[in-house]
Amino acid sequence: MLIPAGNPGPLTGRGNNTWLLDGPEPTLVDAGVGASSHVDAVAAQLNGRALARILVTHGHADHASGVPALRARWPSVESCKWPLDDAAGWRPLRADERIAAGDRDLQVIHTPGHAPDHVCFWDARGGDLFGGDMVVAGSTVMIPAGRGGSLRAYLTSLERLKALGPARILPGHGPIVDRPLDVLAEYIAHRHLREAQVLACVVEGLRDPDAIVARIYPDLLAAVRPAARLTVEAHLEKLREDGRI
């Protein structure tokens, strides 16, 4: 069940999605930002039962900062995420482990790229993939160079998700992705197109990331230009790694 986190904005769209999986182990995929309306909505669906577990796809604030508010409502809740340096108080997830969630088991799929600790949760039996920030229908995903983002890792992660063959992706933002294999292929093709565009800019003599953003994204809103700059920097980093610039 989708429970919106209530945090609309330029980078979050209508706000984050959190997904409540009901059953013997009531589990919330992603934690939102701690809005009281969000916590109350989760409690209303549980109808007096305790939330057993929170599965966080990655540590970015819009996905993880709601954990303290959820812990305050349900002190015994187990909070799980991929381990980084800030893992105190969290149950660390391991690659490919299976974890109880609602009435099913989910497999942890480590998918770095957007963030080094990014994971997806895969319901192999039902075909659902809880995709965090891997894809957003009708948009693209920021790859924050210098802040843990890696375009090379992101492309590898997209290929891994394609190999799973999901029936649906339940993302961290936007509507459910009902044709995930097509969307994943489009994402990969788009990144290769952007790489070619960035390389063409460099060949023409453009070196400043802001100048490249202005060339490639001429109509981009000012609020999202910093995110575009980070992604351009990620493309430049990959081109340097490949020895092409």
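The values are calculated or read from the model by the stated rules, or taken from the named source; none is laboratory data. Since the structure is predicted, the reported quantities are computational estimates derived from the model, not experimental observations. Reconstructed Cβ throughout: ideal geometry from the backbone, glycine too, with neighbour counts over all protein chains shown.
Being closer than 28 Å to P144 by Cα, more than 18 Å from the chain's Cα centre (by Cα) and either touching a residue at least 24 places away in the same chain (Cβ under 8 Å) or in a helix (DSSP H, G or I) (or both), is that true of even one residue in region 93-101?
First, pick out the residues of region 93-101 that are closer than 28 Å to P144 by Cα: 93-97.
Now restrict to residues that are more than 18 Å from the chain's Cα centre (by Cα): 97.
From what's left, either touching a residue at least 24 places away in the same chain (Cβ under 8 Å) or in a helix (DSSP H, G or I) (or both): none.
No, every residue in region 93-101 fails to be closer than 28 Å to P144 by Cα, more than 18 Å from the chain's Cα centre (by Cα) and either touching a residue at least 24 places away in the same chain (Cβ under 8 Å) or in a helix (DSSP H, G or I) (or both).
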Inspect region 67-85 for any residue being of a type in the set (A, V, I, L, M, F, W, C), within 21 Å of the chain's Cα centre (by Cα) and at pLDDT below 95 and give the result as yes or no.
yes
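Among the listed residues G149, G138, which satisfies the condition of being touching a residue at least 24 places away in the same chain (Cβ under 8 Å), within 23 Å of R240 (Cβ to Cβ) and either out of contact with any Cys (no Cβ under 7 Å at 6 or more places or on another chain) or assigned to a loop (DSSP other than H, G, I, E, B) (or both)?
On the way: G138 fails: within 23 Å of R240 (Cβ to Cβ).
One residue alone meets the criteria, G149.
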Which members of region 131-169 meet the condition of being over 23 Å from A227 (Cα atoms) and of a type in the set (A, V, I, L, M, F, W, C)?
L161, A163, L164, A167, I169
Residues within region 19-68 that are out of contact with any helix residue (DSSP H, G or I) (no Cβ under 7 Å at 6 or more places or on another chain) and either among the basic types (K, R) or outside any loop (DSSP other than H, G, I, E, B) (or both), tallied:
23
From the residues in region 116-148 that are under 13 Å from the mean Cα position of the chain (by Cα), among the small types (G, A, S) and at pLDDT 95 or above, which one is farthest from P10 (Cα to Cα)?
G131
Among the residues of region 56-73, write down those that are within 22 Å of D133 (Cβ to Cβ) and either of a type outside the set (A, V, I, L, M, F, W, C) or touching a Leu at 6+ places or on another chain (Cβ under 7 Å) (or both).
T57, H58, G59, H60, D62, H63, S65, G66, P68, L70
Taking region 69-93 and keeping only residues that are surrounded by 13 or more Cβ atoms within 10 Å (Cβ to Cβ) and either among the acidic types (D, E) or closer than 18 Å to A41 by Cβ (or both), one is left with A69, L70, R71, R73, W74, V77, E78
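Would you say V33 is under 21 Å from F121 (Cα atoms), buried (at least 17 other Cβ atoms within 10 Å of the Cβ) and over 19 Å from the mean Cα position of the chain (by Cα)? Walk me through how you get there before you give the answer.
On the way: under 21 Å from F121 (Cα atoms): yes; buried (at least 17 other Cβ atoms within 10 Å of the Cβ): yes; over 19 Å from the mean Cα position of the chain (by Cα): no.
Here the answer is no, as V33 does not meet what is asked.
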Is it fair to say V183 is touching a helix residue (DSSP H, G or I) at 6+ places or on another chain (Cβ under 6 Å), modelled with pLDDT of 95 or more and either under 17 Å from V136 (Cα atoms) or not basic (K, R) (or both)?
no
Is it true that N7 is in contact (Cβ under 8 Å) with a residue 40 or more places away in the chain, of a type outside the set (G, A, S) and assigned to a strand (DSSP E or B)?
no
Among the numbered criteria (1) at negative phi; (2) without any contact (Cβ under 8 Å) to a residue 12 or more places away in the chain, which one does I188 miss?
(2)
